[in-house]
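In what follows, a structure is listed as structure tokens, so that the remarks can point back to it.
The values are calculated or read from the model by the stated rules, or taken from the named source; none is laboratory data. Note that this is a predicted model, so its numbers are computed, not measured. Here the Cβ positions follow ideal geometry from the backbone for every residue, glycine too, while neighbour counts run over all protein chains shown.
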Amino acid sequence: MEFNIEKATLNDLPYIQKLTKNLFEYEIENGFDNNINPEWSYSEEGKEELTERIFSEDSVGFVCKVNNEIVGYLIGLILEEETGRVDSKYGELEHMFINENARGNGIGEKLIKEFKKWTKEKDLKRIKVNVSFKNQKAIEFYKKIGLVPTDIVLVGNVN
């Protein structure tokens, strides 16, 4: 499968919104996270945040096109860790989703390669991604491309 990775533009926003909805629905359907709103990307807050990610100097969006159709995307940004870290700033892979029929063709690897290139241009040394511990497929993918598990976040209700 031939594909192109491009920096996202405002024209790509409707496709990024749809893919974000697909991502959130996938997370819910597979029991990875039931505390997300699949309609978020269509809300004012979602549209504003995704637009900011496309245009801000401290964030980036990439889309993958096959025959001029967007089949995947990645959104990343620069974040800063709590105090006490040697390298406090890092690139956070915030969202990535590839349509099911386009998976297994190297698109994810290429999206992350572009994200790593962008983080290097920003003089960052590390990237991070948060993944549900139940999402073993994603964890194996990220390990395959060189990321290693480091933290576990525990969440509970206050009631």
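Just a yes or no: is a residue in the stretch 23-31 at pLDDT 95 or above and farther than 22 Å from residue 139 by Cβ?
No: the stretch 23-31 contains no residue that is at pLDDT 95 or above and farther than 22 Å from residue 139 by Cβ.
I'd like to know if the stretch 9-18 contains one or more residues that are touching a residue at least 24 places away in the same chain (Cβ under 8 Å), surrounded by fewer than 16 Cβ atoms within 10 Å (Cβ to Cβ) and of a type outside the set (Asp, Glu).
The initial filter retains those residues of the stretch 9-18 that are touching a residue at least 24 places away in the same chain (Cβ under 8 Å), namely 9-10, 12-13, 15-17.
Filter once more, so that each one left must be surrounded by fewer than 16 Cβ atoms within 10 Å (Cβ to Cβ): 9-10.
Of the ones still in play, those that are also of a type outside the set (Asp, Glu) are 9-10.
Checked against the condition, which is being touching a residue at least 24 places away in the same chain (Cβ under 8 Å), surrounded by fewer than 16 Cβ atoms within 10 Å (Cβ to Cβ) and of a type outside the set (Asp, Glu), the stretch 9-18 yields at least one hit.
Could you give every pair whose Cβ atoms fall below 6 Å, whose first residue belongs to the stretch 72-97 and is over 25 Å from residue 108 (Cα atoms), and whose second residue is of a type in the set (Gly, Ala, Ser), counting only separations of at least 6 or pairs across chains?
Short answer, once both residue conditions are applied: 81/88.
Given the criterion at pLDDT 95 or above and within 15 Å of the chain's Cα centre (by Cα), identify the matching residue among 109, 57.
Working: 57 fails: within 15 Å of the chain's Cα centre (by Cα).
Unique residue meeting the criteria: 109.
Could you go through the stretch 106-125 and let me know if any residue there is surrounded by fewer than 16 Cβ atoms within 10 Å (Cβ to Cβ), in contact with a Phe, Trp or Tyr (Cβ under 9 Å, 6 or more places away or on another chain) and among the polar types (S, T, N, Q).
No: zero hits.
Residue pairs, Cβ under 7 Å, 6 or more apart or interchain, first in the stretch 107-127 and over 22 Å from residue 2 (Cα atoms), second surrounded by fewer than 14 Cβ atoms within 10 Å (Cβ to Cβ) and modelled with pLDDT under 95. List them.
Once the first residue is over 22 Å from residue 2 (Cα atoms) and sits in the stretch 107-127, its partners that are surrounded by fewer than 14 Cβ atoms within 10 Å (Cβ to Cβ) and modelled with pLDDT under 95 give 125/87; 126/87.
Kindly indicate the residue of the stretch 25-57 that is touching a residue at least 24 places away in the same chain (Cβ under 8 Å) and not in a helix (DSSP H, G or I) and also surrounded by the most Cβ atoms within 10 Å (Cβ to Cβ) among those meeting that condition.
That would be 32.
What is the number of the single condition among (1) under 17 Å from the mean Cα position of the chain (by Cα); (2) of a type in the set (D, E, K, R); (3) closer than 24 Å to residue 151 by Cα that residue 81 does not meet?
Evaluating residue 81 over (1) under 17 Å from the mean Cα position of the chain (by Cα); (2) of a type in the set (D, E, K, R); (3) closer than 24 Å to residue 151 by Cα leaves (1) as the failure.
Find all pairs meeting these conditions: Cβ atoms under 7 angstrom apart; at least six residues apart or on different chains; first residue within the stretch 129-158 and assigned to a helix (DSSP H, G or I) and aliphatic (A, V, I, L, M); second residue surrounded by 13 or more Cβ atoms within 10 Å (Cβ to Cβ) and modelled with pLDDT under 95.
Note: pairs meeting the criteria are 138/131; 139/131.
Could you tell me whether any residue of the stretch 42-50 is modelled with pLDDT of 95 or more and touching a Gly at 6+ places or on another chain (Cβ under 9 Å)? Working first, answer last.
At the first step, the residues of the stretch 42-50 found to be modelled with pLDDT of 95 or more are 42-50.
Subset that is touching a Gly at 6+ places or on another chain (Cβ under 9 Å): 50.
Scanning the stretch 42-50, I find at least one residue that is modelled with pLDDT of 95 or more and touching a Gly at 6+ places or on another chain (Cβ under 9 Å), so the answer is yes.
Of (1) of a type outside the set (Phe, Trp, Tyr); (2) out of contact with any Gly (no Cβ under 8 Å at 6 or more places or on another chain); (3) over 30 Å from residue 156 (Cβ atoms), residue 119 satisfies all except one. Which?
The number of the failed condition is (2).
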